[in-house]
Every structure is written in C-alpha cells, then in structure tokens.
Amino acid sequence: MRTDIFARLDREPEPPKIEPPRMSRHRIALFGGTLAFYLAIVVAVLIGSWLVTLDWKVMLFRPYQQWPGIHAFLDYYVVLGQRGPTAVMVACWLGWRSWRQHTLRPLLTLGASLLLLNLTVGAVKLGLGRLGPHYATQIGSAELFAGGDIFPSGHTANAVVTWGILAYLATTPRARRYLSAVSAVVSLGVGLTTVYLGTHWLSDVLLGWAAGLLILLGLPWVEPLITRTEDWIFAVREQLRARRRIPVPVAAGAPQTVLLPQPDSGDGVGGSPVLEPVATGGRPAASAPSAPAAGTRQRAHTPHVVRSERTPVTPAGSRRPPHADRSPRGGTSPARPVAGG
C-alpha cells in the first residue's frame, strides 16, 4: 500500500471543472476592439504619426538614468517575460494539473497558444523589421524595414499569453478573476520594464499587449482542435496498450533431445542408469519412456555396456574373521577327518 504524498493526492476529489470559454458576443466584441487597436498602432507607426514622436521623447528621456536605483531589480523582473523560463515554469504547473485531472487539455492549450504567439508575433517582427532604441539611426524616424525584430515586443506578448493562460484554464470563477488580475499586473510591469531599460519603444509594448490579448481571446476557436488532438493521443495510447496485451505466438522449433534416465534392470549390479534420448519441442517420440519422478537427479551420460562386458565388482576383502579351517569359496580344500567310528 502506497503511503507517499501521491497516494494521498490520488484519494482526494478532483477540483470542479468548468467548460472552456466560448466565443460569446461579449468575447467577440472584445476581440474585434483589440484587433482594431492593433491595426491602429501599426498604421500610426507606418505613417510616422505622433506615436513615433512619443517613442523618441521617452527614449531620449532615458528612464534607466533617471531612476538607477531600481535597475538591478528590473533586470531580474524582466525575466518574467522571457519565453524560455516562463514556458518551463508554467508547463510544470500545467503538467501537474493534467496528471491530477487525467486530461491533456492544459498542456495542449499552452502549446497551441505559444505556437500562435510565435507565428503571429514573429511574422510581424520580421515583416516590419523595426530597429530598437539603442540601434536607431535617425531622430524622429520610425526605423522600419531596417532588419530589426522588436516590433511588437516579444517580452510583453509572451508575458500576456504565458501568465494569462493560467487564468484561462482556471477551474473556478474566483480563481479566474484573481489570476486575470495577477497576469495583467505582471504583463504590464514587464512591458514598462523593457521601456525603462531602453530595449523597446513604447509603441512596441502597446502592440505586444494587443498581440497577446488577441491570442487569449481567440483560444476558444482552437478548442475543438485541442479536443480532437487529445482524443487522438488517448486512442493511440490505447492501441499501444492493446498490442502489449496480445500474446505473441511462439513458432514450433526443431525437436530437441533431452536425456532421461532409464530405470534399473533389477539385476542387482550397481552402476549408472542408462540415459535414452527423448524428443521435445515437437511431437513426443513413440518410444520415449515416462519422465522420472520429481526430485530425481540426472546423472552424466555414460555409454551403454552389455552385461557380459561389464567388469565384475570384486569386494576388497571378506568381512568374516579369518579361520584356520576355512578356505576361500570356490577353492579346493584337503579332506577333513570325520570324528567318530
């Protein structure tokens, strides 16, 4: 009987499950508004509007020089937006959730969201090619199509998606509200930290927030694909288990010969029993004697010897005490006188 923590957790009731969010009218309205905001930022940067001017003002202000005391802390805080460390941390937690609830939906949802994040954000980054503040060449320019990859901010979008997925997969409405507030604060702080460090323009962060929110709002459209993928994985697992349960038939090989001891002939002469071959692995031989009783030790094979050719066993000597009037059996002895008349 298992007494570790896993056995105790297995006996606990599973937490209540709520249905995945659906694309309701309210959610569709939020998705449409966020998409309009996303496109407005892209257009504002393309035409070099007041948003680009604001980017330069913030950059020339150099926040990291205005408040140098928090620089060391923000160097560590910005890690909460890096894709590698955050994905590992969240995947560990969701893997525990998947094991406890016997479902792959949490892990598959995280994988689908990160895949959408890489495709959408990566395509816009490479397509617009904007340079960062530290690599800007002309004051007042949007620095587009110059081989950069910072628009939108990947740190910000990743923080929105990675921490927001915990709220999306919450099992209770209360937990969903709390996790939504925590993910919003974390993603907001990560975005502003990149502006403080000078690694992103302010417009990069705004577009990163919109990109991550679009992925979270559009996840219900991906839920049917996630369900089909989970069913397929479980079906493959059951097929593999069924194959392991089927016994593999063993082909009948060539008959093997096993030597069995032959019963003693009963002539009273000590010697090793005769071993005769018996066919096994195929059809039993017709002349095979019965198997020896359990516990009979099989002796080494000795060649069969005819009785007449056997060497007689001669005792080392007589056990009787010597007598003067006795002679060996089978020999000639002198006549003994008979007493009396």
Give the residue, chosen from G189, G198, that is surrounded by fewer than 19 Cβ atoms within 10 Å (Cβ to Cβ) and either more than 16 Å from R83 (Cα to Cα) or touching a Leu at 6+ places or on another chain (Cβ under 6 Å) (or both).
G198
Which residues, taken from segment 140-183, are of a type in the set (V, I, T), within 29 Å of the chain's Cα centre (by Cα) and buried (at least 16 other Cβ atoms within 10 Å of the Cβ)?
V160, V161, T162, I165
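Taking V236, is it open to solvent by 40 Å² or more (accessible area, probe 1.4 Å), modelled with pLDDT of 55 or more and within 47 Å of the chain's Cα centre (by Cα)?
Yes: the conditions hold for V236.
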Does L126 count as under 23 Å from L213 (Cα atoms), touching an Asp or Glu at 6+ places or on another chain (Cβ under 7 Å), modelled with pLDDT of 90 or more and open to solvent by 50 Å² or more (accessible area, probe 1.4 Å)?
yes
For T137, all conditions in the list (1) of a type in the set (S, T, N, Q); (2) within 20 Å of R97 (Cβ to Cβ); (3) free of Cβ contacts under 8 Å to residues at least 12 places away in the same chain hold save one; what is the number of the exception?
(2)
Among the residues of segment 201-229, what is the count of those that are surrounded by fewer than 16 Cβ atoms within 10 Å (Cβ to Cβ) and not polar (S, T, N, Q)?
4
Identify all residues within segment 106-158 that are touching a Gly at 6+ places or on another chain (Cβ under 9 Å), hydrophobic (A, V, I, L, M, F, W, C) and part of a helix (DSSP H, G or I); write none if there are none.
L107, L116, L117, V121, L128, A157
By my count, helices (runs of 4 or more DSSP H) wholly in segment 1-102 with at least 3 residues that are at pLDDT 90 or above and crowded, with 16+ Cβ neighbours inside 10 Å are 25-46, 50-61, 83-101
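The values are calculated or read from the model by the stated rules, or taken from the named source; none is laboratory data. Keep in mind that this is a model prediction, so the values were computed, not measured. Note that each Cβ is placed from the backbone with ideal geometry, even for glycine, and that neighbours are counted across all protein chains shown. For accessibility, only protein heavy atoms count, side chains too; no ligands or nucleic acids. Shrake-Rupley method; radii C 1.70, N 1.55, O 1.52, S 1.80 Å.
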